[in-house]
1. Considering amide H positions built from the backbone, and no H for Pro or chain starts, which residues 5 or more places from T203, or on another chain, come under 5 Å of its amide H?
2. Size of the dipole of the stretch 100-206 about the Cα centre, Lys and Arg at +1 and Asp and Glu at -1 on the beta carbon, nothing else charged, in debye to 20?
3. Sort all Cα-Cα distances of the chain into consecutive 10 angstrom bins from zero, then give the percent of pairs in each bin up to the one containing the longest distance.
4. By how many nm would the segment from A468 to K354 grow when fully extended, if each residue of separation counts as 0.36 nm and the alpha-carbon distance is taken off?
5. Where does each of 186-192, 206-212, 97-103, 438-444 land if you order them by average Cβ count within 10 Å, highest first?
6. State the Kirkwood hydrodynamic radius of the stretch 433-552 in Å, one decimal place, computed from all pairs of distinct Cα atoms.
7. Measure up K110/K335; K44/K202; K102/K551 against 29 Å on the Cα-Cα distance and list the ones that go over.
8. How far is it, in nm, from the label point at N23 to the one at K410 when both lie 7 Å from their Cα along the line to the Cβ?
Amino acid sequence: MKLSPLQIARYQYNPKLPGMLRNGIAEISVKTGSPTQSVADQEKIAALFPNTYGKEEITFQKGTNTSAPKKQVVGVILSGGQAPGGHNVICGLYDALKATNKDNELYGFKGGPSGLLEDSYVIFDDEYINAYRNTGGFDIIGSGRTKLETEEQFAVVADVCKKHGITAIVIIGGDDSNTNAAVLAEYMAAHNTGVQVIGCPKTIDGDLKNEDIECSFGFDTATKTYSEIIGNIQRDANSAKKYWHFVKVMGRSASHVALECALETQPNICLIGEEVAAKKMSLAAIADYIADSVAARAAKGWNFGVAIIPEGIVEFVPEFSVLIAEINELLAGSKADAFNALSSWDEKYAFIEKGLSKESMAVFSILPQSIQQQLFLERDPHGNVQVSLIESEKLFSEMVKANLAARKAKGEYNGKFSALHHFLGYEGRCAFPSNFDADYCYSLGYNAFMLISYGYTGYLSKVSNLQAPAEEWVAGGMPITKMMNIERRHGADKPVIRKALVELDGAPFKFFAANREQWALETCYLYPGAIQYFGPSEVCDTTTKTLALEKA
């Protein structure tokens, strides 16, 4: 297979490790911290995890390695959506494992958690691993979204581990995947299987973080990739001077991606879902806010601009959330069949009008027809509206268009408004990882094996002090249960990792809020350009604006 010059160069890149992990396996010791407790619902979480709750956080430091030597056979899976750097987690895990004992083995289970259940695997060797170093994607073994959450599944996993002599499993995934890792670790401990479970924090959405996990891997590369494209769009807008670009970016449950892209590019508008929810902003209020920028810029003769829209923005609008809940109820059970049997949109509209409350119908009626119909597309497995299918970028451009038409009728606006739409999603999930993500992920994998070698289970691989050069990064681990609370899922109380939302009193949002009024009126665009892999450290190794502001 012919390789591109960049592929060849990236294979040769040597990821940087935290200083204490560079000493050599034999010179890494453990510093034990204080016992932990969950972020909420402590009694309930403790009762659910009697064997793994309340453990101490640990930090690796220079010193004599006191771990008990034994052959390790480790299994690894990639779980959930792709994120740049996943390959390097596996490479770091493999290198640490082989550096400890060349007879150690690493099994890669194919297709995510289902690979564990189906006993579908590959045993890695140097040739296999070397073909994936510092590359994007999850194609080394593939990924999947099967959840490991039932006793029957855990028993199958235990049997597969026993069959191959597996001593530990590393689960690379997001908040749900690492919740499953914690539950699996508890099962393995309760049944004395001898199998450890370690998690690694992955998600480009950036919502798997807290005071310990400063950044989930992939977020840096994905936001840099999106920001390059947004910068290109801004340059085009400033050149043609005749279009407003509405750019939807990934992030259904939190707006970290949108905020980071705004900090990188300084668009005219960026909506933050958490602020929309806090202020209880209506759809009309959001449209009016965007239209204010359009009108003010048009008054200067600038009939162009850029607006960033988070993927899940409509779920943060209180009135829209109520509408969604009513639609879910309206089409529950057999009522969905009656609705689907109607042949025309007029008939379906009448059905909807009869079934919704007056307040929700008022919201529904102002939506463009294309968006109304998207609300009644194929349901998810639980019969609910698939909000991710709603083209929110088109929703708001249409609502702004109507708002401006009303202003023009009153003589309050005399500009031109022409909208173009973009959705930046898959473009960022499998990019070549930035130097930061290549280093961070390799460190997470290397560190995961150190946790295994010292006998820890139910822990998340943790690398912190990430705003500093890699030499100063701090490696260690934290019990996954520390991040957990109880949430209502599918009619039952479930222990889950709490999602991290954008903090409106945090430094990144405060910086954005202090500058957005100027960005809305003026043309202050930044053009970050493509990710750089070679050159000065201040160009190639810097991390996100979000992390820099949080740690300033």
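The numbers here are math on the coordinates, done by the rules we state, and not lab data. Keep in mind that this is a model prediction, so the values were computed, not measured. Cβ coordinates were reconstructed from backbone atoms using ideal geometry, including for glycine residues, and neighbour counts include every protein chain displayed.
1. For T203, the qualifying residues are F217, F219.
2. Charge dipole, the stretch 100-206, about its Cα centre: 120 debye, nearest 20.
3. 4, 17, 26, 24, 17, 9, 3, 0, 0
4. So the chain would gain 35.1 nm between A468 and K354.
5. The densest-packed peptide leads the list: 438-444, 206-212, 186-192, 97-103.
6. About 17.7 Å, per the Kirkwood formula over Cα pairs.
7. K110/K335; K102/K551
8. 6.9
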